[in-house]
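The values are calculated or read from the model by the stated rules, or taken from the named source; none is laboratory data. In this text, all values refer to a predicted model and were calculated from it rather than measured experimentally. Cβ atoms come from the backbone with ideal geometry, glycine included; neighbour counts cover every protein chain shown.
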Amino acid sequence: MTAQRLARRRALRAGFAAAAGVAALRAPALAQPAASGPRVIQMVAHRFAYEPPVIALKAGERVVVEIRSLDFVHGMNIPALKMRFDLVPGRITKVELQPTQSGEIEFVCDNFCGDGHEQMHGKFVVSA
Amino acid sequence: MQRRDFLSLSALGGGAVFASGLAGCASAPGGAVQDDFYFVQLSDVHWGFQGPPNPDASGTLRKAVAAVNALDKPPEFVVFTGDLTHTTDDPVERRRRLAEFKSIVADLKVKTVRFMPGEHDASLDRGAAYREFFGETHYTFDHKGVHFIAIDNVSDPGAKIGDEQLAWLHDDLAKRDQTAPVVVLTHRPLFDLAPQWDWATRDGAQAVALLMPFQNVTVFYGHIHQEHHQMTGHIAHHSAKSLIFALPAPNSQPQRTPLPWDPAQPYKGLGFREIDSERAGRSFVITELPVVRA
């Protein structure tokens with residue numbers, strides 16, 4: 001079983017459907033999904049924050065979070081989903097999620113990025 | 001003689017035994033104790049930090065050095081388990097802080113002082129500046145029958161030990177008697193203490209797996225700025241207090257922000273520890289000591 005499939009299986013157990021991929025920066029940064037596709041959410045990572053730091057989701061909704069890092073290979077670790085990503089500048093990291101229940105899912109930078117690293121975190125807030 | 005609480009953990013028995021006694025006295029509940037040797041662990045100095053969590057940031061390390069020098073019996077060695085300095089983007093300033101730190105701890109009246117990096121020292125330049133001052137970031141040494149292994153889980157900014165160092169660890173352990181005592185010194189926890197606070201080592205489980213066949217393994221680490229004790233199987237892990245500011249208990253609040261300085265109890269939550277080897281390194285008694293005596 002690949003690591004990605006394993007992460008997906010664990011995510012499903014955690015109440016999320018999840019998938020992830022990385023696209024080259026040439027990919028349309030503001031590409032809109034097809035009418036039936038997932039909602040696309042743009043996120044930026046930089047020292048020492050994710051913007052936006054809090055993302056509201058609805059249970060059952062499919063979303064793709066497209067993340068661009070501006071200045072460093074920040075990490076995005078989502079321990080509750082057993083998923084993590086390196087956010088490489090010049091690339092878009094895509095994280096597909098489909099929460100199945102309400103709650104909060106925290107994420108944190110796990111690549112030490114300097115004085116302020118400890119404050120670099122965020123969360124998904126899932127409502128029913 | 002001053003009364004202190006201490007913690008005794010028996011590696012042989014695979015469990016933790018909490019007890020209290022008189023430090024410096026070669027006795028403990030349940031029978032006689034052979035005081036084989038003892039060393040001192042200091043951690044998370046963060047030299048160069050400035051801010052409200054420690055109004056005496058430039059004085060605390062010197063006080064700790066004085067406190068170690070004032071111990072009744074000098075330790076056989078001292079180890080600093082990382083974050084000697086507070087991080088900076090400026091390579092010149094990083095070296096200035098490392099040099100100042102090294103100069104201050106040179107006043108320790110102990111023959112052998114060993115160092116390890118933390119992520120604040122080493123992650124932004126993969127240990128380059130640290131090695132200029134203190135040498136290799138991972139190494140081994142032996143002391144009175146105990147095999148010590150210093151593992152670097154910070155020079156990779158992703159908090160990884162890395163395949164090369166894991167292979168080195170494997171090769172080192174392959175030469176050892178699995179009944180012989182092993183002590184691991186490292187900065188970050190080797191287990192997933194609180195990944196949502198980045199209190200983990202990404203490939204720490206591989207190191208623990210390599211250590212698991214050994215019957216007597218004890219890990220001393222830092223990073224989390226507080227005393228903490230946990231077992232992974234029969235392996236005991238003990239984190240040390242900081243010498244700059246205390247951090248909250250794992251996952252006890254939303255963020256890992258420093259605990260505020262208490263003017264009524266300055267240096268509260270800070271300190272260092274004595275580690276007494278017993279039964280030839282098969283168990284250890286840990287005595288937590290303050291920076292400044294009340």
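The set of residues from segment B:191-218 being away from chain A (no Cβ under 14 Å) and touching a Phe, Trp or Tyr at 6+ places or on another chain (Cβ under 9 Å) comprises B:V208, B:T218. Of the strands (runs of 3 or more DSSP E) lying entirely inside segment A:1-72, those containing at least 1 residues that are among the hydroxyl-bearing types (S, T, Y) and at pLDDT 55 or above span A:49-51, A:63-69.
Looking only at segment A:90-119, filter to residues that are in a loop (DSSP other than H, G, I, E, B) and away from every other protein chain (no Cβ under 14 Å); which one of those is nearest to B:L124 (Cα to Cα)? Here the residue is A:G90.
The set of residues in segment A:47-89 being within 14 Å of chain B (Cβ to nearest Cβ), of a type outside the set (A, V, I, L, M, F, W, C) and either more than 17 Å from A:H117 (Cβ to Cβ) or surrounded by 17 or more Cβ atoms within 10 Å (Cβ to Cβ) (or both) consists of A:R47, A:Y50, A:S69, A:H74, A:G75, A:N77, A:P79, A:K82, A:R84.
Is it true that some residue in segment A:91-100 is within 14 Å of B:D198 (Cα to Cα) and touching a Phe, Trp or Tyr at 6+ places or on another chain (Cβ under 8 Å)? No: zero hits. When the residues of segment B:103-136 are filtered to those that are under 17 Å from B:W47 (Cβ atoms) and among the β-branched types (V, I, T), the one that is surrounded by the most Cβ atoms within 10 Å (Cβ to Cβ) is B:V105. Could you count how many residues in segment B:160-179 are acidic (D, E) and part of a loop (DSSP other than H, G, I, E, B)? Result for segment B:160-179: 1. Checking the structure you have, find out if any residue of segment B:123-131 is modelled with pLDDT of 95 or more, in contact with a helix residue (DSSP H, G or I) (Cβ under 9 Å, 6 or more places away or on another chain), aromatic (F, W, Y) and over 30 Å from B:Q206 (Cβ atoms). So far as segment B:123-131 goes, no, none of its residues is modelled with pLDDT of 95 or more, in contact with a helix residue (DSSP H, G or I) (Cβ under 9 Å, 6 or more places away or on another chain), aromatic (F, W, Y) and over 30 Å from B:Q206 (Cβ atoms).
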